[in-house]
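For reference, the structure discussed in these notes is given below.
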Amino acid sequence: MRAVAVLLAALTVAASVRGGEQSDRELSRLMVGAWRSPRHDYVYLADGTWWMGKPDPNGPEPRVTHGRWRIENHMLVTSTTYLGGELPPPWKEERYPIQKLTRTEIVYGGVYRLTRIGLEHVDEER
């Protein structure tokens, strides 16, 4: 009887951990917005593009670092374009495991930590 109780407790814990995982779709929704790192501000748009600094999606080819992003299997997948040209491999597409993504904070790749900011605060002096 005790073994059954231990097994049920273990299954309950496993189910609650699994149930707490966010889907890639939920993570993608949370990712959209403006984020501040210690060095730069980044904007992730719902169309799957990202910009370092304020985006101008209707303008000419930007002269800032930008690229495409998606979330796949709980990983942030990015490609980067810099000053009008794609970076050579291995920088073409990078994958970062997401450790934490909430409405206010993202931690990915084990070392990157960003906090959400309002779009109006992108590129403000710190």
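The values are calculated or read from the model by the stated rules, or taken from the named source; none is laboratory data. Small disclaimer: the values here were computed from a predicted structure and weren't measured. Note: ideal-geometry Cβ built from the backbone for every residue, glycine included; neighbour counts use all protein chains shown.
Taking the stretch 33-56, which residues are more than 20 Å from Glu124 (Cβ to Cβ) and modelled with pLDDT of 95 or more?
If the condition is that a residue be more than 20 Å from Glu124 (Cβ to Cβ) and modelled with pLDDT of 95 or more, then Ala46, Asp47, Gly48 are the ones that fit.
Please specify each residue of the stretch 105-126 satisfying the condition of being of a type in the set (Ser, Thr, Tyr) and closer than 23 Å to Glu72 by Cβ.
Those that are of a type in the set (Ser, Thr, Tyr) and closer than 23 Å to Glu72 by Cβ: Tyr108, Tyr112.
Name the residues in the stretch 14-32 that are surrounded by 10 or more Cβ atoms within 10 Å (Cβ to Cβ) and modelled with pLDDT under 50, would you?
Selection gives Ala14, Ala15.
Is it the case that Gly59 is part of a strand (DSSP E or B), at pLDDT below 95 and closer than 25 Å to Glu125 by Cα?
no
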